[in-house]
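The values are calculated or read from the model by the stated rules, or taken from the named source; none is laboratory data. Here the structure is a predicted model, which is why all the values come from computation and not from measurement. Virtual Cβ from ideal backbone geometry, glycine too; neighbours counted across all protein chains shown. Areas reflect the complete protein model, heavy atoms only, side chains present, ligands, DNA and RNA absent. Shrake-Rupley method; radii C 1.70, N 1.55, O 1.52, S 1.80 Å.
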Amino acid sequence: MVERRHDLYLLTPGPLTVAPEVKAQMLQDRSPNAALHSKLTAEIGHYLLEICNGTETHVCVPLQGSATYAIEAGLHTLMPDDGKLLIIQNGFYGLRLRQLAEGIRLPTTTLELPMLPLPTRADVEKALADDPAITHILLCHAETGTGILNPIEEVAAVAREHGRKLFIDAVASFGGFPIDVAALDAEAVFVSPNKCLESVPGIGIVIAKKASLEAAEGRSASVVLDLYAQWRFFEQTGWWRTTPPTHVVAALAKACERHRAEGGVVPRHNRYRHNWRRLVDGLRRRGFRTLLPDDVAAPIIATFHDPDDPNYSFQALYDALEKRNIVIFPGRLTATGTFRIGIIGDLVESDIDLVLHTMDEALAEIGVDMAGPQVGEAASS
Ligand SMILES: *Cc1c(COP(=O)(O)O)cnc(C)c1O
C-alpha cells in the first residue's frame, strides 16, 4: 500500500496541495497593523526579489485578490497613456490576458498563434514591424491551459533589441523556473502565491521595475488596483492600504521559508520535473497520450487526451478520483478532449505513485480498460 501524505490531493494548477506547516500559519488571529505583519510582508518581498535577481532593479508589490488582480493593477499602472500592448496568445491564459487588456480598454493588438510551434523571434519581429505603435509586449510563461512553456528569454531579447518593454505572466512558473528579471529587463512579472511557491490563494504579486513604478504616480484609472499607491503606502507605513488577507500573508512567508530550505528555484524545479516524468511515464504505460511532446511541456502540469473508450467521460473519472480524495482538472477551451493533472504542490515521488495507483482503481470502477502503450509511443525514460 502506498503511503498517503495528505488528506486531499489537489492536483490542479493552483490552488494546490499545501504543506501542513504552511496551513498551520492560518490557525491564529492576526492583526494587519502589527509589526509582525509588516515584517512578514517585507520578508516575502525580499525573498521573491532575491530569487529572480531583482533586488537592485525591481520592487515587489503584493495586492489583495487573485493573480489576475495583480496583472490588471500592473497594466493599469505601468502602461503609459500613449502605450500600446502586444499580447502573444497561444493558449487559454493568453486569451485571458487579451480579455483583460481589452476589458480595461488598453490599446491592444494580439499575435494569435497556434499552440505549436512555439512563438519564434521572427513571429514577434513581424508583429512589431506590422504595428510600430506597440510599446509593450505581454506574454504568458507557463501556459497552464495547454502545459506549454513559452520562450521568455527569446521574446525578451527581441523586446530589448527593438526598444519595447516586456510584461510576463509568470503566475504559473514563478518559483519553479529560473526567471532573471534583471537580465530579461522585465517591466513587470506577475506572480501567484498558490502555484510554484506552494502557498494558499488570496493575493497577487507584481515584481515591477522600480524606475517604471516610480514614474507611474497617479496613472492608474483604478483606486484599489493602483500599484503605485499600494507600493508607496507600504514604503511609508509598512502597512497594506486596505485590509490584507493576514492569514494568507503569514502562510506565504512560511512557504517562502520552505522554498529557501528546499534550496530555491532549481531544486524545486528538479522535484517537479522528477514527479512530472514519473506521472507522464506511468500514464503512458497505461495507454494515455499526452497533448504535448515532452520537449515543449512545462513540467508542472500534464495534459492528456481523453481515452478512446465509450465508458469514459471526464466527469466519471473526476468523480471516481474525487471519491478517493484526488482532484484533477478538465481541459481548457483551447484544448478540448483533454484532462489535466497538476504536479505542483507539496508532492514527492510516493505521492505520484499513490496517484497512479488510485487512477487504476478509478478506471476500473468506471469500466475504462486502457490498452497499454500505443504503437510507436514507448513509455520513454
Ligand atoms: C493560475 C493562472 C493565472 C491566474 O489566475 P487567478 O485565477 O487570477 O489566480 C494566470 N495565468 C496563468 C498562466 C495561470 O496558470
(request) Give the calculated FRET efficiency between R289 and A364 to the nearest 0.05, with a Förster radius of 30 Å applied to their Cβ-Cβ distance. (result) 0.90
(request) Choose one of P114, A42, S212: the residue whose Cα lies farthest towards the positive end of the charge dipole of the chain (beta-carbon charges +1 Lys, Arg; -1 Asp, Glu; about the Cα centre). (result) A42
(request) Straight distance only, please: which lysines reach the Cα of K126 with their own Cα at less than 21 Å, same-chain residues fewer than 8 apart left out? (result) K84, K165
(request) Please turn the phi angles of the range 209-215 into ³J(HN,Hα) values with the Karplus equation 6.51 cos²θ - 1.76 cosθ + 1.60 (θ = phi - 60°), one per residue in order, whole Hz, x for glycine and proline. (result) 5, 4, 4, 6, 5, 4, 8
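In whole percent, and with a 1.4 Å probe on the protein chains, what portion of the accessible area of the range 26-262 is carbon and sulfur?
Carbon with sulfur: 52 percent of the solvent-accessible area.
State the Kirkwood hydrodynamic radius of the chain in Å, one decimal place, computed from all pairs of distinct Cα atoms.
Working: mean 1/r = 0.0465 Å⁻¹.
Taking every pair of different Cα atoms in the chain, averaging 1/r and inverting gives 21.5 Å.
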(request) At 1.4 Å probe size, with every protein chain present, just tell me what the per residue accessible area of the chain comes to in Å². (result) 40
(request) Give, in nm to one decimal, the length gained when the segment between E257 and A133 is fully stretched (0.36 nm per residue of separation minus the Cα-Cα distance). (result) 40.3 nm
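If you roll a 1.4 angstrom probe over the protein chains with everything in place, what fraction of the accessible area of the range 263-381 belongs to carbon and sulfur, to the nearest %?
Details: 2560 of 4990 Å².
Of the solvent-accessible surface of the range 263-381, carbon and sulfur hold 51 percent.
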(request) Please state the charge dipole magnitude for the chain, taken about the Cα centre, from unit charges on C-beta atoms (+1 on K and R, -1 on D and E), reported in debye and rounded to the nearest 20. (result) 560
